[in-house]
Every structure is written in C-alpha cells, then in structure tokens.
1. Among the residues of the range 280-326, what is the count of those that are surrounded by fewer than 21 Cβ atoms within 10 Å (Cβ to Cβ) and more than 19 Å from Thr263 (Cα to Cα)?
2. Of the conditions (1) without any contact (Cβ under 8 Å) to a residue 24 or more places away in the chain; (2) within 19 Å of Glu175 (Cβ to Cβ); (3) out of contact with any Ser or Thr (no Cβ under 8 Å at 6 or more places or on another chain), Ser118 fails just one. Which one is it?
3. Being closer than 20 Å to Gly197 by Cα, part of a loop (DSSP other than H, G, I, E, B) and outside the structural domain of Val133 (by TED's automatic domain parsing) narrows it down to one residue among Arg311, Arg235; which is it?
4. Name the residues in the range 107-149 that are closer than 21 Å to Met180 by Cβ and among the hydroxyl-bearing types (Ser, Thr, Tyr), would you?
5. Give the residues of the range 288-342 that are in contact with a Ser or Thr (Cβ under 9 Å, 6 or more places away or on another chain), touching a residue at least 60 places away in the same chain (Cβ under 8 Å) and under 17 Å from Ala224 (Cβ atoms), sorted by residue number.
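The values are calculated or read from the model by the stated rules, or taken from the named source; none is laboratory data. Not measured: the values here are computed from a predicted model. Cβ: placed from backbone, ideal geometry, glycine included. Neighbour counts: every protein chain shown.
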Amino acid sequence: MILVSSFVELVQQLSPVMTAPTLESFVTVLTGWVFARRRNVTKMILAADAVGEKHHSAFHRVFAAAQWSLDGLGLLVFALILPWLHEGPIVLAVDDTLARKRGLKVYGVGMHHDPLISSRKKALTNWGHSWVVLGVIVKFSFCADKYFCLPILFRLYISKQTIAKKGGVYRTRPELAVEMLHVLCVAHSDRSFHAVGDSAYGGQSVLGELPSHCDLTSRLDLDARLYDAPPPRKRGQQGRTRKRGRKLPTPKKMLEGRTKTLTLKLYGRRDRVRMTDAVGRAHAVPERPLRIVAVNPTTGGRGPQAFYSTRTDDTGKDVLTRYAMRWSIEEANQNSKGHLGFEEPQGWTRRAVERTAPTAMLLYSLILLWFAKVGHRHYQPPYAPWYPSKAHAAFGDMLATLRRESIREQVSAMAPSGKGCRKLMHVLLHAVQQAA
C-alpha cells in the first residue's frame with residue numbers, strides 16, 4: 001500500500017529532522033495510520049502491507065528510539081502552513097485534551113478531568129494522558145467560511161500526584177503552553193502572533209509571561225477586579241510608586257450600564273448580543289493594559305460572559321470574533337480521536353508516549369494541507385439525496401479522499417485494460433470510500 005505521491009511529497013519536506021531510514025519508516029507508519037482500523041504500530045505495518053520489508057522493531061523504533069525532535073517536526077509543519085497565512089498576526093489556539101489509557105506502567109498517566117462524562121454540577125476524572133496542544137488557525141480557499149486549527153506543538157502534562165510518585169519537576173498546563181509559545185516565537189521572531197485560549201490559559205501565569213511579539217485573547221471572570229492606569233509619580237512623592245490606578249467596574253457591573261446591541265456570526269450561527277467594552281488592567285498583571293469586553297447574548301441561550309485582549313486597539317467585535325475561532329481546536333481534538341485514533345497507540349516508554357499520540361495530530365494537519373492544495377479537486381461528495389447538499393467537506397471526507405486517490409493512483413500504475421476495467425475501478429473506489 002502506497003499513499004498518493006502528492007501526499008508523500010508533502011511528508012518528504014519533513015526530512016531535515018530525520019535520517020533517510022527513519023523517514024522511510026515514518027512514511028510507512030503514516031501510510032498504515034491512514035488505512036488501519038486500529039492505530040497501533042503492528043496494525044499500521046499490516047495496513048501498509050509492509051510486513052517483511054523490515055523487522056517490525058524498526059517501525060517501533062521510529063517512536064521509541066530514533067533520533068528526531070517532535071518540536072522540530074512541528075516547526076517544519078508550521079513552515080508548510082506559512083504560505084496559507086495572510087499578512088498580520090498569526091492566530092494560534094491553545095487547549096488541552098484527554099487521551100484515555102489503560103495500564104499502570106505507561107509513562108505519564110494519571111487521573112485527569114474528563115469533560116465528556118462530567119457535567120456542570122459534577123466533575124469526573126479518568127485515567128490517561130493530558131496533552132496541551134498548540135495549533136495554528138487557518139482559513140483555506142476551498143472553504144472560505146470556516147476556520148481550521150492545525151496542531152503543531154505538544155506537551156504532556158503530568159499531575160502532581162504522578163510527579164510525587166515518580167519524581168521530576170511539576171509544571172502546570174499554562175506553563176507548558178507558555179513554553180510552546182516561546183518555542184514558536186523564538187523560531188519566527190520576524191512574525192507577530194496572537195494566541196487564543198479559554199479561561200484556563202488566560203490567568204497570570206500566561207498573561208504575565210507572553211513573548212514580546214505575542215498577544216492573547218481569553219476569558220475573564222465576571223467579577224474580575226479591574227483598574228485604571230496608575231497616576232504618574234509626583235515630584236517629591238515619598239513611598240513606592242503605585243501599581244494600580246482607580247478601581248473600575250467589574251464586567252458584570254459594565255453590563256448594567258450603557259451597552260450596544262449587535263448581531264454577530266459566531267460558532268456558525270447568528271446571535272444578537274448586548275455588548276460593552278473598555279480599557280482596563282487586571283489585578284494580577286497591572287502593568288499590561290487590556291481591552292475588556294462584557295457581553296450578554298439575547299439569543300442562543302448563553303449567559304453573560306467577559307473576555308479580554310492584550311491588543312487595546314481591538315474593538316469588542318474583534319475580540320468576540322477572534323475568541324470564537326478557538327472552537328476549531330476543539331474540532332481538531334475530536335477529529336484526531338475519532339478518525340485518526342489519537343488515544344489508541346500503546347507505547348509505554350517515555351519517548352514512545354511523547355511522540356506517538358502527537359503524530360496523529362500532525363497527520364491531521366498534513367491531511368488538511370494536502371486537501372487544501374490537491375485533494376479538494378478530487379473530492380466527490382457522496383450521493384445521498386435524503387441529506388441536504390454539504391457546504392464543505394468534513395475531515396472524514398478529506399481522509400476518504402486521501403484513501404481513494406491513493407488506491408486510484410496505485411491501481412492506475414498497473415495499467416489495467418480490457419472490458420469492465422472502469423467498472424472494476426468504480427467498485428473498488430466505492431468500497432474504499434465506504435470503509436473510510
């Protein structure tokens with residue numbers, strides 16, 4: 001089994017971080033990843049029809065022992081994304097996601113919050129890995145009304161309880177997110193960035209440690225303490241300089257005053273909201289001015305919310321629109337689990353754990369890039385007259401297109417001829433599409 005040549009050419013641009021033998025095995029593993037029903041290394045070897053080409057341990061060593069850098073691989077994927085980005089700040093999304101696991105000897109496992117089985121009233125935990133993910137938010141020409149998040153950098157969060165048992169230095173999820181932001185910003189110091197994260201990544205540990213050319217948009221508590229800029233120090237004044245100015249109304253109080261009514265297209269629908277905004281400073285980081293936005297949707301069933309941006313020249317609409325782009329990383333997490341088996345790899349050593357699952361999300365990014373460049377020209381929506389026509393291809397359709405084109409190219413290379421050849425090709429491709 002061989003992936004379509006246009007996709008292999010894309011993967012080969014990642015060669016600077018790997019030796020030639022490792023890259024060859026890596027391409028074979030990705031081939032199996034695309035076609036396998038279950039994503040562990042042995043199933044990938046079988047799906048890629050690579051049994052006997054090398055000893056099976058050579059494919060395991062791609063993750064467990066080979067000398068290559070996951071950050072370096074992610075930065076190369078970012079270089080592939082750059083041509084699709086417009087001038088101006090590059091929008092990034094940061095989030096964490098749970099990969100459920102079994103086994104006590106797997107590196108880094110612990111009990112983490114599971115949002116799928118939790119409710120607003122009761123938080124439940126599950127055994128597994130907690131991954132902090134940094135992705136680039138992009139719009140592609142084949143689907144101009146939708147944002148996609150392409151994951152590039154990853155950090156495994158290890159809980160305090162696991163650190164206490166196994167040893168090591170504990171770092172919070174926000175600290176891991178800041179570390180990834182610095183990795184990307186140092187590598188591309190000529191570009192400006194704007195990160196978007198939920199309230200877990202909007203506190204002091206992120207806001208106060210941002211790279212100099214990276215801004216942040218995040219959630220804010222409705223009762224957050226806000227202040228004006230401190231007054232200038234007077235001549236002859238004794239004592240320390242004030243860090244904060246006069247106290248400003250909380251976002252909740254802001255909504256009790258004069259507001260504007262707007263209709264915004266957020267999360268794929270149009271909602272009417274009451275909104276007000278102002279410039280203020282958070283109590284924990286008083287040296288950084290923020291654009292504070294308080295909003296109360298009048299449709300859609302959501303309650304009052306507050307957001308902020310470190311760009312004080314943003315309008316309230318800019319802040320809300322940018323924060324809504326964060327939903328694309330939730331879709332990336334879901335698609336990587338549902339279609340690419342993000343939770344399925346069974347490595348248990350540290351290096352295997354830290355590389356294998358993130359490869360599923362890097363593959364997600366590569367498939368999106370391939371579809372935007374080549375695959376959308378070959379996409380054939382399934383004929384289903386009982387469904388309304390699709391506005392755009394979902395990720396499952398993109399994966400099915402990659403499989404179909406790989407089979408088509410491989411069968412066409414055999415130069416089949418004779419009566420019934422076209423019908424045979426149609427039956428084969430239809431079977432591949434249904435299997436996807």
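1. Result for the range 280-326: 11.
2. (2)
3. Details: Arg235 fails: closer than 20 Å to Gly197 by Cα.
After applying the criteria, what remains is Arg311.
4. Scanning the range 107-149 gives Tyr107, Ser130, Tyr147.
5. Within the range 288-342, Arg288, Pro289, Ile292, Ala294, Ala306, Phe307, Tyr308, Ser309, Thr310, Val319, Tyr323 qualify.
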